[in-house]
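Peer 1: Input: one structure, supplied below.
The values are calculated or read from the model by the stated rules, or taken from the named source; none is laboratory data. None of the values given here were measured: they were computed from a predicted structure. Here the Cβ positions follow ideal geometry from the backbone for every residue, glycine too, while neighbour counts run over all protein chains shown.
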Amino acid sequence: MKFSIVCSALVAVANAHYTFPALIANGATTTEWEYVRQWTGFQSNGPVTDVSSLNIRCNVGASTKQAPGIMTVAAGSTVGFTAKADISHPGPMLWYMAKVPEGKTAATWDGSGDVWFKIYQDGPNFRRKRASLPAGDYLIRVEHIALHSAQASGGAQFYLSCGQLTVTGGGSGTPIPFVAFPGAYKASDPGIMINIYYPVPTSYTPPGPAVWTG
């Protein structure tokens, strides 16, 4: 598959916070929260700041609050999320997927366990082929980590959403390594607790596992 992030300033928000409320797939933008899990308090556009909480998985209350539908996409399609309000804070963009186990669907599964694999990190636009991704239902997770207040533990801000997908025509690859949310990150990880102002970093390592290369 291919994945791309589309950032569109839909609403001006005074506190510069943002959400990812809709998918972009099959050449069209979906209705907000149609295939993306609507989290509790989404109107605030607020971030998650505790990496040890369940909220770090799909946002506040969204692990068990399903979206109405599941978007069907063919392997090789371009898939993305819209961003509501500008992504105005400095920090990395990370993308994960998790294959839904047998007997469940993308609309009924909570995403628990060591099941998440990273498909890309950093950069707002990307198109990497994932032809070996097996067919089936998936949760797709987009996350932007704002680092403007990350000098102390708990200062990084996580803006994230989980979408619901059915992938058809996939391959026989085995995505690795797997991580769990919560569990994949620690508040002290160098990519999460970092002073980006002084001294200005000369390198940056995003948190979490290595990217699955397919």
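Peer 1: Give all pairs with beta carbons closer than 8 Å in which a residue from segment 163-176 that is more than 20 Å from residue 111 (Cβ to Cβ) meets a residue that is outside any loop (DSSP other than H, G, I, E, B) and modelled with pLDDT of 90 or more; count only pairs at least 6 apart in sequence or on separate chains.
Peer 2: 168/72; 168/73; 168/74; 169/74
Peer 1: Here's a follow-up. Could you check, for segment 169-176, whether at least one of its residues is out of contact with any Leu (no Cβ under 9 Å at 6 or more places or on another chain) and crowded, with 16+ Cβ neighbours inside 10 Å? I'd like the intermediate steps shown before the answer.
Peer 2: Kept after step one, since they are out of contact with any Leu (no Cβ under 9 Å at 6 or more places or on another chain), are these residues of segment 169-176: 169, 172, 174, 176.
Applying the additional criterion that residues be crowded, with 16+ Cβ neighbours inside 10 Å yields none.
Looking for residues that are out of contact with any Leu (no Cβ under 9 Å at 6 or more places or on another chain) and crowded, with 16+ Cβ neighbours inside 10 Å, one finds none in segment 169-176, hence no.
Peer 1: From the list 160, 133, exactly one residue is out of contact with any Asp or Glu (no Cβ under 6 Å at 6 or more places or on another chain) and not small (Gly, Ala, Ser). Which is it?
Peer 2: Values: 160 fails: out of contact with any Asp or Glu (no Cβ under 6 Å at 6 or more places or on another chain).
Result of the check over 160, 133: 133.
Peer 1: Is it the case, given these coordinates, that residue 114 is surrounded by fewer than 22 Cβ atoms within 10 Å (Cβ to Cβ) and assigned to a strand (DSSP E or B)? Give the derivation first.
Peer 2: Values: surrounded by fewer than 22 Cβ atoms within 10 Å (Cβ to Cβ): yes; assigned to a strand (DSSP E or B): no.
Criteria not met by residue 114.
Peer 1: Let me ask you something else. What number of residues within segment 47-63 are more than 13 Å from residue 184 (Cβ to Cβ), small (Gly, Ala, Ser) and out of contact with any Phe, Trp or Tyr (no Cβ under 8 Å at 6 or more places or on another chain)?
Peer 2: Looking only at that region, the number is 1.
Peer 1: Could you tell me how many of the residues in segment 191-214 are over 18 Å from the mean Cα position of the chain (by Cα) and under 17 Å from residue 118 (Cβ atoms)?
Peer 2: Kept after step one, since they are over 18 Å from the mean Cα position of the chain (by Cα), are these residues of segment 191-214: 193-204, 214.
Then drop every residue that is not under 17 Å from residue 118 (Cβ atoms), which leaves 204, 214.
Residues meeting the conditions: 2.
Peer 1: State whether the residues of segment 39-60 include one that is within 15 Å of the chain's Cα centre (by Cα), modelled with pLDDT under 85, surrounded by 15 or more Cβ atoms within 10 Å (Cβ to Cβ) and under 16 Å from residue 159 (Cα atoms).
Peer 2: no
Peer 1: Now for a separate question. Tell me which of these residue 78 doesn't satisfy, since it passes every other one: (1) closer than 20 Å to residue 62 by Cα; (2) at pLDDT below 95.
Peer 2: Among (1) closer than 20 Å to residue 62 by Cα; (2) at pLDDT below 95, the lone unmet condition for residue 78 is (1).
Peer 1: Would you mind stating whether residue 112 is over 30 Å from residue 203 (Cβ atoms), in contact (Cβ under 8 Å) with a residue 12 or more places away in the chain and among the small types (Gly, Ala, Ser)?
Peer 2: Details: over 30 Å from residue 203 (Cβ atoms): yes; in contact (Cβ under 8 Å) with a residue 12 or more places away in the chain: yes; among the small types (Gly, Ala, Ser): yes.
Here the answer is yes, as residue 112 does meet what is asked.
Peer 1: Answer yes or no as to whether residue 164 is under 16 Å from the mean Cα position of the chain (by Cα), surrounded by 19 or more Cβ atoms within 10 Å (Cβ to Cβ) and over 17 Å from residue 51 (Cβ atoms). Let's see the steps before the verdict.
Peer 2: Details: under 16 Å from the mean Cα position of the chain (by Cα): yes; surrounded by 19 or more Cβ atoms within 10 Å (Cβ to Cβ): yes; over 17 Å from residue 51 (Cβ atoms): yes.
Considered against the rule, which asks whether it is under 16 Å from the mean Cα position of the chain (by Cα), surrounded by 19 or more Cβ atoms within 10 Å (Cβ to Cβ) and over 17 Å from residue 51 (Cβ atoms), residue 164 comes out as yes.
Peer 1: Out of all the residues in segment 16-39, which are among the aromatic types (Phe, Trp, Tyr) and under 12 Å from residue 162 (Cβ atoms)?
Peer 2: Kept after step one, since they are among the aromatic types (Phe, Trp, Tyr), are these residues of segment 16-39: 18, 20, 33, 35, 39.
Correct list: 20, 33, 35, 39.
Peer 1: Taking the stated definitions as given, is residue 144 assigned to a loop (DSSP other than H, G, I, E, B) and under 18 Å from residue 92 (Cβ atoms)? Working first, answer last.
Peer 2: Working: assigned to a loop (DSSP other than H, G, I, E, B): no; under 18 Å from residue 92 (Cβ atoms): yes.
Against the criterion (assigned to a loop (DSSP other than H, G, I, E, B) and under 18 Å from residue 92 (Cβ atoms)), residue 144 does not qualify.
Peer 1: Applying the selection to segment 41-59, what residues are assigned to a loop (DSSP other than H, G, I, E, B) and more than 19 Å from residue 108 (Cβ to Cβ)? It would help to see each step written out before you state the result.
Peer 2: So in segment 41-59, the residues assigned to a loop (DSSP other than H, G, I, E, B) come out as 41, 45-47, 49-54, 59.
Matches in segment 41-59: 41, 45, 46, 47, 49, 50, 51, 52, 53.
Peer 1: Could you please give the count of residues in segment 19-73 that are on the phi < 0 side of the Ramachandran plot, out of contact with any Pro (no Cβ under 9 Å at 6 or more places or on another chain), of a type in the set (S, T, N, Q) and touching a residue at least 12 places away in the same chain (Cβ under 8 Å)?
Peer 2: Of the residues in that region, 10 qualify.
Peer 1: Give segment 81-107 a look and list any residue that's part of a loop (DSSP other than H, G, I, E, B), touching an Asp or Glu at 6+ places or on another chain (Cβ under 9 Å) and modelled with pLDDT under 95, or say none.
Peer 2: If the condition is that a residue be part of a loop (DSSP other than H, G, I, E, B), touching an Asp or Glu at 6+ places or on another chain (Cβ under 9 Å) and modelled with pLDDT under 95, then 92 is the only one that fits.
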